[in-house]
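The values are calculated or read from the model by the stated rules, or taken from the named source; none is laboratory data. Values in this document were obtained by computation on a predicted structure and should not be read as measured data. A quick note on method: Cβ atoms are made from the backbone with ideal geometry, for glycine too, and the neighbour counts reach across all protein chains shown.
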Amino acid sequence: MTACDRPGAGRESPAHGERCLGPVEEIPDGGSRGYPPPPGGFTGLFAVRRGEAVFVYVNSCPHVGLPLEIQPHRFLDRAGELIVCAAHGARFRPEDGYCVSGPCTGDALEAVTTRIEAGMIWVPEKAGI
(Lines give C-alpha, C1' and ligand atoms only; values in the text may rest on other atoms or scores of the structure.)
Protein backbone atom coordinates (compact mmCIF):
# COMPACT_ATOMS: atom_id res chain seq x y z
CA MET A 1 0.00 0.00 0.00
CA THR A 2 1.42 3.39 -0.99
CA ALA A 3 0.93 6.60 0.95
CA CYS A 4 -1.67 7.59 -1.65
CA ASP A 5 -3.74 4.49 -0.91
CA ARG A 6 -3.98 4.99 2.86
CA PRO A 7 -7.39 5.86 4.25
CA GLY A 8 -7.78 9.62 4.60
CA ALA A 9 -5.05 10.34 2.04
CA GLY A 10 -7.39 12.15 -0.32
CA ARG A 11 -7.55 9.16 -2.67
CA GLU A 12 -11.31 9.00 -2.37
CA SER A 13 -11.77 12.23 -4.33
CA PRO A 14 -9.20 12.48 -7.15
CA ALA A 15 -10.30 14.30 -10.25
CA HIS A 16 -10.65 12.11 -13.31
CA GLY A 17 -7.29 11.48 -14.98
CA GLU A 18 -5.07 12.29 -11.98
CA ARG A 19 -2.44 10.35 -10.12
CA CYS A 20 -1.09 10.85 -6.64
CA LEU A 21 2.64 11.43 -6.15
CA GLY A 22 2.49 11.18 -2.38
CA PRO A 23 2.38 13.37 0.70
CA VAL A 24 3.76 16.90 0.64
CA GLU A 25 5.47 16.08 3.96
CA GLU A 26 7.81 13.63 2.14
CA ILE A 27 9.51 16.68 0.61
CA PRO A 28 11.49 18.65 3.16
CA ASP A 29 10.73 22.37 3.14
CA GLY A 30 13.36 23.87 0.82
CA GLY A 31 14.09 20.42 -0.64
CA SER A 32 13.20 18.27 -3.62
CA ARG A 33 12.02 14.77 -4.47
CA GLY A 34 11.92 12.69 -7.65
CA TYR A 35 9.07 10.45 -8.81
CA PRO A 36 9.14 7.60 -11.33
CA PRO A 37 7.26 7.77 -14.63
CA PRO A 38 3.63 6.66 -14.68
CA PRO A 39 2.94 3.10 -15.82
CA GLY A 40 3.95 2.87 -19.47
CA GLY A 41 5.76 6.22 -19.28
CA PHE A 42 9.38 7.08 -19.91
CA THR A 43 10.05 10.31 -18.05
CA GLY A 44 9.65 10.88 -14.34
CA LEU A 45 8.74 14.02 -12.44
CA PHE A 46 10.28 15.93 -9.58
CA ALA A 47 8.97 18.40 -7.05
CA VAL A 48 10.49 21.30 -5.14
CA ARG A 49 8.86 22.52 -1.94
CA ARG A 50 8.92 26.08 -0.66
CA GLY A 51 6.78 26.24 2.49
CA GLU A 52 3.24 25.37 1.45
CA ALA A 53 4.04 25.73 -2.28
CA VAL A 54 5.02 22.67 -4.32
CA PHE A 55 6.38 23.07 -7.86
CA VAL A 56 6.37 19.96 -10.07
CA TYR A 57 8.31 19.55 -13.34
CA VAL A 58 9.05 16.85 -15.89
CA ASN A 59 12.50 15.44 -15.06
CA SER A 60 14.07 16.33 -18.40
CA CYS A 61 16.57 19.09 -19.15
CA PRO A 62 15.39 21.29 -22.06
CA HIS A 63 18.95 21.31 -23.45
CA VAL A 64 19.49 17.57 -24.07
CA GLY A 65 16.49 15.78 -22.54
CA LEU A 66 18.47 13.98 -19.81
CA PRO A 67 17.18 13.58 -16.25
CA LEU A 68 18.45 16.42 -14.07
CA GLU A 69 19.63 14.63 -10.93
CA ILE A 70 22.79 12.60 -10.45
CA GLN A 71 21.60 11.12 -7.14
CA PRO A 72 18.01 10.28 -6.14
CA HIS A 73 16.01 13.33 -5.01
CA ARG A 74 19.01 15.72 -5.48
CA PHE A 75 17.75 18.44 -7.83
CA LEU A 76 18.91 21.58 -6.01
CA ASP A 77 22.25 23.35 -5.67
CA ARG A 78 24.07 23.17 -2.32
CA ALA A 79 22.35 26.34 -1.12
CA GLY A 80 18.94 24.88 -2.03
CA GLU A 81 18.15 27.95 -4.12
CA LEU A 82 18.18 26.72 -7.73
CA ILE A 83 17.43 23.50 -9.62
CA VAL A 84 20.61 22.23 -11.28
CA CYS A 85 21.09 19.88 -14.23
CA ALA A 86 23.83 17.43 -13.22
CA ALA A 87 24.76 16.79 -16.87
CA HIS A 88 25.90 20.31 -17.75
CA GLY A 89 25.19 22.65 -14.82
CA ALA A 90 22.21 24.61 -16.15
CA ARG A 91 20.41 26.37 -13.30
CA PHE A 92 16.64 26.89 -13.08
CA ARG A 93 14.39 28.89 -10.76
CA PRO A 94 12.17 26.59 -8.66
CA GLU A 95 9.11 28.83 -8.83
CA ASP A 96 8.79 28.81 -12.64
CA GLY A 97 11.47 26.46 -14.05
CA TYR A 98 13.12 29.29 -16.01
CA CYS A 99 16.79 28.65 -16.87
CA VAL A 100 18.95 31.49 -15.54
CA SER A 101 22.36 30.10 -16.59
CA GLY A 102 23.88 27.37 -18.73
CA PRO A 103 23.46 26.20 -22.32
CA CYS A 104 19.66 26.44 -22.18
CA THR A 105 19.47 29.97 -20.72
CA GLY A 106 16.07 31.44 -21.49
CA ASP A 107 14.39 28.04 -21.84
CA ALA A 108 12.32 26.48 -19.07
CA LEU A 109 11.55 23.13 -17.55
CA GLU A 110 8.17 21.63 -18.42
CA ALA A 111 5.86 22.53 -15.54
CA VAL A 112 3.19 20.09 -14.40
CA THR A 113 -0.22 21.20 -13.14
CA THR A 114 -0.36 20.33 -9.46
CA ARG A 115 -3.17 20.08 -6.95
CA ILE A 116 -2.76 19.55 -3.20
CA GLU A 117 -5.62 17.85 -1.35
CA ALA A 118 -5.51 16.46 2.18
CA GLY A 119 -1.72 16.90 2.15
CA MET A 120 -1.29 14.78 -0.99
CA ILE A 121 0.21 15.93 -4.32
CA TRP A 122 -1.96 15.24 -7.38
CA VAL A 123 -0.85 15.65 -11.01
CA PRO A 124 -2.38 14.74 -14.39
CA GLU A 125 -2.23 10.99 -14.96
CA LYS A 126 -0.24 11.36 -18.20
CA ALA A 127 2.35 13.84 -16.85
CA GLY A 128 5.82 12.60 -17.68
CA ILE A 129 4.88 10.31 -20.57
Looking at V64, V58, can you tell me which residue is modelled with pLDDT of 95 or more, β-branched (V, I, T) and out of contact with any Cys (no Cβ under 7 Å at 6 or more places or on another chain)?
V58
So is A47 buried (at least 20 other Cβ atoms within 10 Å of the Cβ), in contact (Cβ under 8 Å) with a residue 40 or more places away in the chain, within 20 Å of C4 (Cβ to Cβ) and not aromatic (F, W, Y) or not?
yes
For region 14-27, which residues satisfy the criterion of being on the phi < 0 side of the Ramachandran plot and either of a type in the set (D, E, K, R) or within 13 Å of the chain's Cα centre (by Cα) (or both)?
E18, R19, C20, L21, P23, V24, E25, E26, I27
Quick check: anything in region 9-30 under 19 Å from A108 (Cβ atoms), in contact with a Leu (Cβ under 9 Å, 6 or more places away or on another chain) and either at pLDDT below 90 or hydrophobic (A, V, I, L, M, F, W, C) (or both)?
no
Output for region 50-92, where each listed residue is in contact with a Phe, Trp or Tyr (Cβ under 9 Å, 6 or more places away or on another chain) and either surrounded by fewer than 15 Cβ atoms within 10 Å (Cβ to Cβ) or charged (D, E, K, R) (or both)
E69
It is to be established whether one or more residues within region 96-110 are under 17 Å from E26 (Cβ atoms) and out of contact with any strand residue (DSSP E or B) (no Cβ under 8 Å at 6 or more places or on another chain).
no
Whether any residue in region 14-29 is surrounded by 16 or more Cβ atoms within 10 Å (Cβ to Cβ), of a type in the set (K, R) and either in contact with a strand residue (DSSP E or B) (Cβ under 7 Å, 6 or more places away or on another chain) or closer than 14 Å to A127 by Cβ (or both) is what I want to check.
yes
